[in-house]
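First comes the structure, then the notes that go with it.
The values are calculated or read from the model by the stated rules, or taken from the named source; none is laboratory data. This structure is a prediction, so every number in the text was calculated from the model and none was measured. Note that we place each Cβ from the backbone using ideal geometry, even for glycine, and neighbour counts take in every protein chain shown. These area figures cover heavy atoms from the full protein model, side chains too; ligands, DNA and RNA do not enter into them. Shrake-Rupley method; radii C 1.70, N 1.55, O 1.52, S 1.80 Å.
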Amino acid sequence: MSQGPPASIGQRLEEVDTPALVLDLDAFERNLDALKQAVAGKVRVRAHAKTHKSPDIARRQIAAGAVGVCCQKVSEAEALVEGGVQDLLVSNEIAASGARLDVYIELEVGMGRCGIAPGEPALALAREITRAPGLRFGGLQAYHGRAQHMRTMAERRAHIARAAEAVNATKALFKRNGIDTPIVTGAGSGTFMFELESGAWDEIQPGSYVFMDVDYARNEWAAPLPRFEHALFVLATVMSRPSPHAAIVDAGLKASSVDSGMPTVWGKEVLKFTKASDEHGFIEGPSPPALGEKLFLVPGHCDPTVNLYDWYVCTRRGIVEGLWPITARGALT
């Protein structure tokens with residue numbers, strides 16, 4: 001059973017129970033607008049809901065121009081549908097029986113994970129789909145996830161250019177064999193403008209752009225990619241001052257994912273989050289915060305951090321304005 005929200009509407013942030021997952025609505029809304037302005041209707045946006053797992057956020061992405069969302073699990077899709085989101089793509093392999101489905105071929109363009117090789121192997125699979133009862137070929141899924149966090153713009157551009165070559169060659173091969181490719185979908189927050197400029201993609205799937213995190217902040221950002229803002233934070237409280245140069249907060253491994261590195265302390269660059277145990281985070285540096293002081297932490301990786309919480313505490317200028325449940329978190333299937 002999930003717990004109730006850690007805050008109430010109208011509360012000041014200083015009064016919110018911690019650790020809490022805080023969404024800065026002003027930054028969040030600017031991120032939505034930045035993507036809309038960058039894409040300018042040139043391709044379809046199908047925002048990736050694995051980042052936020054929230055119908056409230058998905059509906060706002062659609063209101064900002066997305067055609068729908070994608071997710072990674074059937075149970076995530078079910079939670080989003082129950083929350084009023086109708087246009088969904090499960091961008092992952094699933095097992096289905098007795099269903100009529102539009103299916104996409106995941107093309108291997110650099111992930112080395114679940115995709116099939118471009119060209120003849122993909123063509124053979126497309127032919128199987130066209131012969132299978134209950135299945136209809138919907139297009140290609142071409143996502144180069146590893147390119148999202150390559151640090152330089154040149155690296156990311158070069159990898160997406162090679163992915164575009166594979167997509168275009170496969171589409172051409174399909175066409176010569178009488179198979180239309182209705183949609184090519186893919187891309188992420190770190191590369192989506194390169195996919196757009198290539199002309200090989202009809203639809204993009206950025207997810208982290210709504211929040212951003214420490215790892216994305218390490219990337220080089222320049223035109224044509226817009227610079228998104230940090231909108232997601234873990235609110236933590238100092239619970240101990242073991243030395244003049246250290247503070248312990250109530251946010252550790254159960255409050256912020258560290259798979260992409262430790263969180264950072266927002267607005268206090270001289271302080272470092274050095275290590276985490278289950279319920280404790282270690283902050284070190286000159287003039288550490290006082291006992292009881294609250295800090296904003298920027299998660300190292302936003303996606304798995306969200307999965308640790310039941311609610312977004314949505315704030316505007318320090319006041320709680322909304323409480324959005326994370327209904328698709330922790331799903332098993």
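The modelled label-to-label distance between Ser8 and Gln37, using points 7 Å beyond Cα along the C-beta direction, is 3.9 nm.
Under a 5 Å amide H cut-off, with hydrogens placed 1.01 Å from N, Gly252 pairs with His280 among residues at least 5 apart or on other chains.
Annotation: aspartates and glutamates with alpha-carbon distance below 19 angstrom to Lys272 (same-chain offsets under eight excluded): Asp213, Asp215, Asp250, Asp259, Glu284, Glu293. Once the Cα atoms are used to define both axes, helix 25-39 deviates from the longest principal axis of the chain by about 30 degrees.
Of the accessible area of the chain, computed with a 1.4 Å probe over protein heavy atoms only, carbon and sulfur atoms account for 52 percent. Working ranking of peptides 126-135, 311-320 by packing, defined as the average number of other Cβ atoms within 10 Å per residue, highest first, is 311-320, 126-135.
Per residue, the Cα convex hull of segment 94-170 amounts to 87 Å³. From the alpha carbon centroid of segment 198-269 to that of segment 14-36 is 12 Å. The alpha-carbon of Lys171 sits under 18 angstrom from the alpha-carbon of none of the lysines, leaving out residues fewer than 8 places away in its chain. Antiparallel versus total DSSP beta bridges in the chain: what percent is that, nearest 5? Percent antiparallel among DSSP bridges in the chain is about 55. Converting phi to 3J(HN,Hα) with the Karplus coefficients 6.51, -1.76 and 1.60 and the offset θ = phi - 60°, segment 226-243 yields x, 9, 7, 9, 5, 10, 10, 9, 9, 7, 10, 10, 6, 10, 7, 10, x, 7 Hz in sequence order, with x at every glycine or proline. State the answer as a single residue: which of Leu13, Pro55, Gln37 lies farthest towards the positive end of the charge dipole of segment 1-63, with beta carbon charges of +1 for Lys and Arg and -1 for Asp and Glu, about the Cα centre. Result: Gln37, furthest along the dipole toward the positive end.
Computed about the Cα centre, the dipole magnitude for segment 215-324 is approximately 320 debye when only Lys and Arg (+1) and Asp and Glu (-1) carry charge, each at its Cβ. Report summary: the helix-based calculation at 222 nm, which adds -39500 (n - 2.57) for every DSSP H run with n ≥ 4 and divides by the residues of the chain, gives -7500 deg cm²/dmol. Overall, segment 29-180 carries a charge dipole of about 420 debye about its Cα centre when +1 sits on the Cβ of Lys and Arg and -1 on the Cβ of Asp and Glu, all other atoms neutral. Normalised Debye scattering of segment 185-333 at q = 0.10 Å⁻¹ gives log10 I(q)/I(0) of -0.42, counting only Cα atoms as equal scatterers and leaving out solvent.
The residues of the chain present an accessible area of 45 Å² per residue when probed at 1.4 Å with all protein chains retained.
Once you sort the root eigenvalues of the Cα gyration tensor of segment 24-157 as a ≥ b ≥ c, which label holds: rounded (a/c under 1.5), prolate (a/b larger than b/c) or oblate (the other case)? Taking the square roots of the gyration eigenvalues as a ≥ b ≥ c, segment 24-157 is oblate. The base-10 log of I(q)/I(0) for segment 138-221, evaluated at q = 0.18 Å⁻¹, reads -0.72 [Debye formula, identical scatterers on Cα atoms, solvent excluded]. Only one of [x] -0.31, -0.74, -0.86, -1.34; [y] -0.25, -0.60, -0.72, -1.25; [z] -0.30, -0.75, -0.90, -1.52 was calculated from the structure for log10 I(q)/I(0) by the Debye sum over Cα atoms at q = 0.07, 0.11, 0.12, 0.16 Å⁻¹, and its label is [x].
The angle between the Cα long axis of helix 153-176 and the longest principal axis of the Cα atoms of the chain comes to about 30 degrees, rounded to the nearest 10. For segment 1-83, what class follows from the C-alpha gyration tensor (a ≥ b ≥ c being the square roots of its eigenvalues): rounded when a/c is under 1.5, otherwise prolate if a/b is larger than b/c, else oblate? Note, shape of segment 1-83 comes out oblate. For the chain, a simple Cβ point-charge model (Lys and Arg +1, Asp and Glu -1, everything else neutral) yields a dipole of about 700 debye relative to the Cα centre. Relative to the first principal axis of the alpha-carbon coordinates of the chain, what is the inclination of helix 120-131, with its axis defined by its Cα atoms, in degrees from 0 to 90 and to the nearest 10? So the inclination is approximately 80 degrees.
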